[in-house]
Amino acid sequence: MDSKLRRMAILSSMAVILLVSLLVLYINRPPGNSGNRASQATQSPLPQEDEGEQEARKPGQIGDDLSAFLRDNTFFDQEVNPVLEAAKDNAARLSLVVTSVEKDLRIQIVDTKGNPVTGKSFFVELEGLGEYKDLDKDGIIYIGDLPAGEYYVELMPMEGYRVPANETRVRVKDKVEYVAIDDISLLIKTEEEIDAEAEDTAVMDALEDADKTEIKKIQKSTANSQVGIDVSKWNGEIDWDRVQNAGVEFAIIRAGYRGSVTGSLVEDPNFKANIRGAAASGLPVGVYFFTQAVNEVEAVEEASAVLELIREYNLDYPVFIDTEGAGGNGRADNLDVDTRTRVCEAFCSTIANAGYTAGVYASRNWYNHYLYANKLENYCIWLAEYRSVPLYQGYYQMWQYTSQGSVDGIEGNVDMNVSYLPN
């Protein structure tokens, strides 16, 4: 009985194997063997192979032939290739990122990766106010002096692109809010994208006020003070371990600057290397940003850019706005005292609202003549005055006492500072 059952099981297995084999052969049968004449009539003919090619090609189902696509005349035809067509459609798809700070709109035309689309003069239609054009083809349209309220923005059709089918609803703010702008990263540029020689033109006003008592060597820290440096791209590559071993106790690092000509927001090319190197050596760090903002809106932009640049780092020292001249021709050089002070307040308020300590860097001359210093006393005051004992009569928590210091690990001169902030 067992033997009989065994034979039946073997026969059943063979039948199943035969059935599966026939099914595989049927699925992979050549198109020409189909009885469907309509299918045969529409089938694209394949290039004829000579006998040598037929012998060289190994037998097997068509999926094993890695060169089969070469004999398919429609493979590279995007009109009949849905994958390539979908990729092309996605690459040409556009969207709008719209921001309002105060009675204005910044409209950014971005691709599917969130990058501004440049090189085209896009138009937008603003409800009730007409069309606005991206004249400089940078993917950004700025509209100022708008009444506060709700608007609809429509991106007009552009050949070669797919624009949003629906209008974008936006709210124009009545007053500036000192909070970080979410999409500010789209505005931050690298020096490869600008003319850095023309844009990065800060001039240290404190140099004109220096006297022969200026201290140029590293000072000794005390129970109530620490000695540190501030650095930027101008200090080149830094050996931070040697700097720390030389007695430096903190570092204030330039995160970036606003261009003195175009107003572009630019990351200092050495920022990441400096902040990572200083932190790795165990030095507490803070940052500063050279301003060329001409109003509170731009000050909020600058603060937002700094917050974007520092978001993955831990700071022990404040975030400073650096307000000084840009050679006399900078876009912010001729601001009146009230406007310049409000720029500093807007920057610091935005930084403070994000949970950081904010501060203002300026020379004695600027605190005395170009700022209402009493309106900035809620923030950390960083004074630049190059003499053995500062003449400045106001209150300050940090003092930059020279720009001609020398520290092991840094080639050339470096700014030296004393901090009276609590440890």
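List of remarks:
- Filtered residue count, segment 266-290, keeping only those that are open to solvent by 10 Å² or more (accessible area, probe 1.4 Å) and under 28 Å from L371 (Cα atoms): 2
- Test result for G228, small (G, A, S), under 24 Å from E298 (Cα atoms) and either crowded, with 23+ Cβ neighbours inside 10 Å or modelled with pLDDT under 95 (or both): no
- Residue pairs meeting the criteria (Cβ under 8 Å; at least 6 apart or on separate chains; first free of Cβ contacts under 8 Å to residues at least 24 places away in the same chain and closer than 16 Å to D322 by Cα, in segment 398-423; second aromatic (F, W, Y) and open to solvent by less than 10 Å² (accessible area, probe 1.4 Å)): W399/W382
- Test: residue in segment 104-117 that is part of a loop (DSSP other than H, G, I, E, B), out of contact with any Leu (no Cβ under 9 Å at 6 or more places or on another chain) and of a type outside the set (D, E, K, R): no
- Residue match in segment 122-131 (condition: within 26 Å of G259 (Cα to Cα) and not hydroxyl-bearing (S, T, Y)): yes
- Looking across segment 209-266, the residues that are closer than 22 Å to N314 by Cα and polar (S, T, N, Q) come down to S225, Q226, S232, Q244, N245.
- Qualifying positions in segment 197-208 - crowded, with 17+ Cβ neighbours inside 10 Å and not in a loop (DSSP other than H, G, I, E, B): E199, D205, A206
- Selection status of V261, under 22 Å from the mean Cα position of the chain (by Cα) and in contact (Cβ under 8 Å) with a residue 60 or more places away in the chain: yes
- Residue check, G149 closer than 30 Å to A255 by Cβ and among the small types (G, A, S): no
- D322 vs. criteria surrounded by fewer than 17 Cβ atoms within 10 Å (Cβ to Cβ) and at pLDDT 95 or above: no
- Residues (of a type in the set (A, V, I, L, M) and within 22 Å of the chain's Cα centre (by Cα)) located in segment 220-258: V231, I252, I253, A255
- Criterion (touching a residue at least 24 places away in the same chain (Cβ under 8 Å) and in contact with a helix residue (DSSP H, G or I) (Cβ under 8 Å, 6 or more places away or on another chain)) met by exactly one of Y151, Y142, Y178, Y161: Y178
- Residue tally, condition β-branched (V, I, T) and closer than 22 Å to V227 by Cβ, over segment 264-312: 3
Residues are listed down the side, and each one gets a yes or a no for (1) within 34 Å of the chain's Cα centre (by Cα); (2) within 20 Å of P318 (Cα to Cα); (3) among the small types (G, A, S):
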residue: L383; (1), (2), (3): yes, yes, no
residue: R387; (1), (2), (3): no, no, no
residue: G394; (1), (2), (3): no, yes, yes
residue: M398; (1), (2), (3): yes, yes, no
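- Inside segment 311-332, residues that are under 25 Å from E377 (Cβ atoms) and touching a strand residue (DSSP E or B) at 6+ places or on another chain (Cβ under 6 Å) make up a count of 9.
The values are calculated or read from the model by the stated rules, or taken from the named source; none is laboratory data. Keep in mind it's a predicted model, so treat the numbers as computed, not measured. Note: ideal-geometry Cβ built from the backbone for every residue, glycine included; neighbour counts use all protein chains shown. Note: accessible area is taken over every heavy atom of the protein model, side chains too, but ligands, DNA and RNA are not part of it. Shrake-Rupley method; radii C 1.70, N 1.55, O 1.52, S 1.80 Å.
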